[in-house]
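Have a look at the structure below before the remarks.
The values are calculated or read from the model by the stated rules, or taken from the named source; none is laboratory data. These numbers come from a predicted model, not from an experiment. Counting neighbours? That spans all protein chains shown, and the Cβs are built from the backbone with ideal geometry, glycine included. Only protein heavy atoms, including side chains, enter the accessible area calculation; ligands, DNA and RNA are left aside. Shrake-Rupley method; radii C 1.70, N 1.55, O 1.52, S 1.80 Å.
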Amino acid sequence: MDLTPEEETVLAGGEGETRARMLEVLLALGKVFGADRLIPIRSAQISGASYKTIGEYGLEWLRSLDARVSVPAFLNPVGMDRDRWQEMGVDPAFARDQQDVIEAYARLGVRLSCTCTPYYFMQTDYGDHLAWSESSAVCFANSVIGARTNREGGPGALAAAIIGKTPCYGLHLVGNRRPHLVFRVEDAPPDADTAWYGALGYHAGKIAGNRIPFFQGIRPPRDGLKALGAAMAATGAVALFHVEGITPDARIFPFDTAGLEVVPVTSAEVSALFVPGEVDAVAIGCPHCSGDELSRIAGLLAGRQARIPLWIFASREVIAANRETVTQIEGSGARVFADTCMVVSPAMDRFSTIMVNSGKAAAYVPTMCGAAVRAGTLAECIATATSPV
Ligand code: F3S
């Protein structure tokens, strides 16, 4: 790879050992993927934040680093709400270890917005180069915003945050953003719920694998796009998708879908994910809720009271910006937690069957929480968790 004189200095250890080691990580990645240079990034989003997933080894590695990030960098959800972990029933020993992980990231200058939806408060524009690692955030940034990021591993994203650059390969290059297959959705409901798009993603991700899909026949709103991408990133390894007439690259590049494999999808195939049954908790907010989603939840909860745990997850920033709505939601007995989610928090492990309105959560809850999962629309989730006052 071609290095600038400044990068040569960093590599030679002129700016400290950690920066040299982090640059080595980026160069190794660049070599594997055929990058010819590093490019500046606007922001980084770093996974590997929950003690449940990184454990003691990851914590020790973080503690060994001695540098600060040089671009805005955000942490992925951790294993608990940093203020309300006791209310979640998180074990104090886990909370102590989790706090150590958080402090290790804070020491590096990583912002403690522990969320998979940093795009709700961090200005991110079309064409921005990023180094984001949480798969749903990557899919949203590439597909809905039109920014450019590969699906980074946690260490790669942290290295990019510290150096302020990432190797230029993969989805940073326009030529690699063309679609590989077409999903032709034949009978999408005109008023499809966000959960329906999550279920479409659950189905499509298994077929797409790591290919770039181009959707025809759907018109998802922004939260629907978020749910669609998150699920495809979970059941497949999709990091970018296009929706005809909706997503920015689908409008700007003259995509020629002729000659691509066309996969017809029916609403019946999508709806197969929705199987009714008893549950002992309901979890909403995968990916973390938007302000609009919180408003819809508050509306559905009017005149109802939670009868089983109803946990809703959103970023601190979205909660702060929608404080009145959150108070309304919590008046029903539901809880709106920040910093964490139903997949990365060990607090969900005590439930045996969890209902979700997310294709991604439906894919991960069984393996990550050891619980059975049921999927439903937002309205079904609220109706299941509550009864009329
Ligand atoms: Fe976000 Fe957790 Fe889902 S990190 S995308 S809420 S699994």
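Here are the numbers:
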| item | result |
| --- | --- |
| Long-range amide H partners of Cys289 with built H, under 5 Å | Phe313, Ala314, Ser315 |
| Violating pairs (Cα-Cα greater than 20 angstrom) within the set Lys31/Lys360; Lys206/Lys226; Lys31/Lys206 | Lys31/Lys360; Lys31/Lys206 |
| Karplus 3J(HN,Hα) series, Hz, for region 160-174 with 6.51 cos²θ - 1.76 cosθ + 1.60 (x for Gly, Pro) | 5, 5, 6, 7, x, 9, 9, x, 8, 8, x, 6, 6, 9, 3 |
| Relative contact order %, region 3-108, counting alpha carbon pairs below 8 Å whose residues are six or more apart | 26 |
| Additional length obtainable on full extension of the chain from Thr4 to Val263, 0.36 nm per residue less Cα span | 88.7 nm |
| Backbone N within region 375-389 under 14 Å of label point (7 Å from Ser271 Cα along the Cβ vector) | 376-377 |
| Length gained when the stretch Ser387-Arg219 is fully extended (0.36 nm per residue, less Cα-Cα span) | 57.2 nm |
| Whole-number D in µm²/s for region 172-259 (Stokes-Einstein; Kirkwood sum over Cα pairs; 4 °C, 1.567 mPa s) | 101 |
| Cut-off under 5 Å, modelled amide H: who pairs with Ser43 long-range | Ala131 |
| Region 140-185 versus region 358-389: alpha-carbon centroid distance in Å | 30 |
| Of Val71, Val262, Val318, the one that fluctuates the most in a GNM where the chain has Cα springs shorter than 10 Å | Val262 |
| Column: log10 I(q)/I(0), Debye, Cα scatterers of region 99-158, q = 0.31 Å⁻¹ | -1.34 |
| Spin-label model distance (nm) - Glu17 vs Asn210, 7 Å beyond Cα toward Cβ | 3.3 |
| Contour excess over end-to-end distance, with Cα ends at Glu324 and Tyr57 and 0.36 nm allotted per residue | 92.0 nm |
| Computed FRET value (nearest 0.05) for Ala106 with Glu24, which takes r as the C-beta separation and R₀ as 25 Å | 0.55 |
| Fraction of alpha-carbon pairs over 21 Å apart in region 1-91 - percent | 47 |
| Accessible area in the full protein assembly, largest first, 1.4 Å probe, for Tyr169, Tyr57 | Tyr57, Tyr169 |
| Under 5 Å, built H, 5+ apart or other chain: amide partners of Val373 | Ile354 |
| Karplus-derived 3J(HN,Hα), 6.51/-1.76/1.60, for each residue of region 263-271, Hz, glycine and proline x | 10, x, 10, 9, 4, 5, 5, 5, 6 |
| Convex hull (Cα only) mean projected area of the chain, reported in nm² to one decimal | 18.4 |
| Spherically averaged projected area in nm², based on the convex hull that wraps the Cα atoms of region 289-389 | 5.7 |
| FRET efficiency, 1/(1 + (r/R0)^6) with R0 51 Å, evaluated for Glu186 and Asp83 via beta carbons | 0.60 |
| In Hz, Karplus ³J(HN,Hα) per residue of region 112-120 (6.51, -1.76, 1.60; θ = phi - 60°; x = Gly, Pro) | 8, 8, 7, 8, 9, 10, x, 5, 6 |
